[in-house]
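Asks: Would you mind keeping the following structure in view while I ask a few things?
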Amino acid sequence: MEAVLFDFHGTLAQVEEPREWVLAAAAACGVELDRVRATALADRLLTAGRAGGPLPARVPPRLAELWADRDLYPHAHRGAYTGLAETVDAGIEGFADALYERLLIPEGWVPYPDTEPVLGALREAGVKVAVVSNIGFDLRPLFAAWKLDGLVDAWALSYEVGRCKPDPGIFLRACGMLGVDPERTLMVGDTPADAGAVRAGCGVLVLPCADPGRSNGLGAVLDLALRN
């Protein structure tokens with residue numbers, strides 16, 4: 001393998017635990033929640049739809065267009081997820097925006113334990129790396145804060161390239177950025193959308209999505225990418 005393409009959420013990092021997400025967002029609004037209320041709010045917000053979490057149980061008609069475009073335009077991504085959060089009445093001014101802001105800072109995410117060692121081993125072996133993500137905001141500041149940005153050679157982010165997985169175009173764009181042949185490239189992700197890389201000619205490894213801080217089997221990448 002000459003290169004490995006990685007999905008972001010559920011593959012390299014996971015969003016923070018839901019209750020901690022709610023507590024931190026409330027604190028940013030100047031409100032201290034007890035843990036029981038925070039847990040109840042988190043459950044309702046997960047049902048409504050959390051970025052990096054489960055898909056919403058229902059998308060209100062007024063948000064349908066934003067939802068459809070959420071991974072293509074930053075304003076649509078923010079509008080869709082703050083709109084979904086606003087369907088849950090928390091009684092806290094500015095709460096929906098504070099919840100969204102947690103997505104944009106490194107503290108709102110937890111890299112998987114194997115992320116740094118795997119990326120480092122690939123760099124040492126001369127294997128190129130790209131992050132390929134359906135996302136509506138820039139991931140580079142997160143990786144810079146985690147000191148992982150030097151281990152990524154290219155970024156194929158849907159809102160920048162105008163394509164979303166499983167469209168083979170986003171995988172081909174990533175391969176083009178790296179200057180590698182798709183047939184010599186492995187795509188690693190955790191959803192059927194990531195497996196769309198097969199249509200671009202890439203090999204695919206689909207991993208289980210694990211909770212924050214738990215191993216998700218990312219080390220298997222090295223067995224595939226570095227074997228003779």
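Asks: In this structure, is Ala210 in a helix (DSSP H, G or I) and not assigned by the TED database to the domain that holds Ala80? Steps first, please.
Replies: Values: in a helix (DSSP H, G or I): no; not assigned by the TED database to the domain that holds Ala80: yes.
Answer is no for this residue.
Asks: For region 53-156, give me every one of the helices (runs of 4 or more DSSP H) that falls completely inside it and has 3 or more residues that are farther than 25 Å from Asp223 by Cβ, open to solvent by less than 20 Å² (accessible area, probe 1.4 Å) and free of Cβ contacts under 8 Å to residues at least 40 places away in the same chain.
Replies: Details: elements: 64-68, 74-86, 95-101, 115-124, 140-145.
Counting at least 3 such residues, we get 74-86.
Asks: Right, here's the next one. Could you grab me the full set of residues in region 1-39 that are touching a helix residue (DSSP H, G or I) at 6+ places or on another chain (Cβ under 9 Å), open to solvent by 10 Å² or more (accessible area, probe 1.4 Å) and assigned to a helix (DSSP H, G or I)?
Replies: Scanning region 1-39 gives Pro18, Arg19, Glu20, Trp21, Leu23, Ala24, Ala27, Ala28, Arg35, Arg37, Thr39.
Asks: If you don't mind, there's one more thing I want to ask. Regarding region 182-196, can at least one residue be identified that is open to solvent by 60 Å² or more (accessible area, probe 1.4 Å), part of a loop (DSSP other than H, G, I, E, B) and of a type in the set (S, T, N, Q)?
Replies: Just the residues of region 182-196 that are open to solvent by 60 Å² or more (accessible area, probe 1.4 Å), to begin with: 183-184, 192.
Cutting the leftovers down to part of a loop (DSSP other than H, G, I, E, B) gives us 192.
Next, from what is left, pick out any that are of a type in the set (S, T, N, Q): none.
For region 182-196, residues open to solvent by 60 Å² or more (accessible area, probe 1.4 Å), part of a loop (DSSP other than H, G, I, E, B) and of a type in the set (S, T, N, Q): absent.
The values are calculated or read from the model by the stated rules, or taken from the named source; none is laboratory data. No experiment lies behind these values; they were computed from the predicted model shown. Note that we place each Cβ from the backbone using ideal geometry, even for glycine, and neighbour counts take in every protein chain shown. Each accessible area value is taken on the protein alone, full model and side chains, heavy atoms only, with ligands, DNA and RNA left out. Shrake-Rupley method; radii C 1.70, N 1.55, O 1.52, S 1.80 Å.
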